[in-house]
Amino acid sequence: LCVLAVPVLFKQALENTEMEEGKSGSLRCELTKADATVVWKKEEATLQASAKYEMKQKGTVAELVIHNAEPEDA
């Protein structure tokens, strides 16, 4: 039995998104494989779920919600 691992690719990559300071906004991407592990990073730091950052994933769509956006979130 031979099983080939198919790599997970972006069907729809992240796009630049403007957010109003103090408001919530989100970043979304779509993958070629449902429920693939997604890690959100800001520069080299891995973001963790918190009151500031909310990670959602349903099927092939992964979403990062940023609450109370600040200039430092750019």
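The values are calculated or read from the model by the stated rules, or taken from the named source; none is laboratory data. Please read these numbers as outputs of a predicted model, since none were measured by experiment. Cβ sites come from the backbone with ideal geometry, for glycine too, and all protein chains shown count toward neighbours. When the accessible area is computed, the model is the full protein with side chains, heavy atoms only, and any ligands, DNA or RNA have been set aside. Shrake-Rupley method; radii C 1.70, N 1.55, O 1.52, S 1.80 Å.
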Hits in the range 33-60 - residues which are polar (S, T, N, Q), closer than 15 Å to residue 73 by Cα and open to solvent by 100 Å² or more (accessible area, probe 1.4 Å): 48
Members of the range 12-32 that are open to solvent by 100 Å² or more (accessible area, probe 1.4 Å) and at pLDDT 90 or above: 20, 21, 23, 28
All positions within the range 13-53 that are without any contact (Cβ under 8 Å) to a residue 24 or more places away in the chain and more than 12 Å from the chain's Cα centre (by Cα): 16, 17, 18, 43, 44, 45, 50, 51, 52
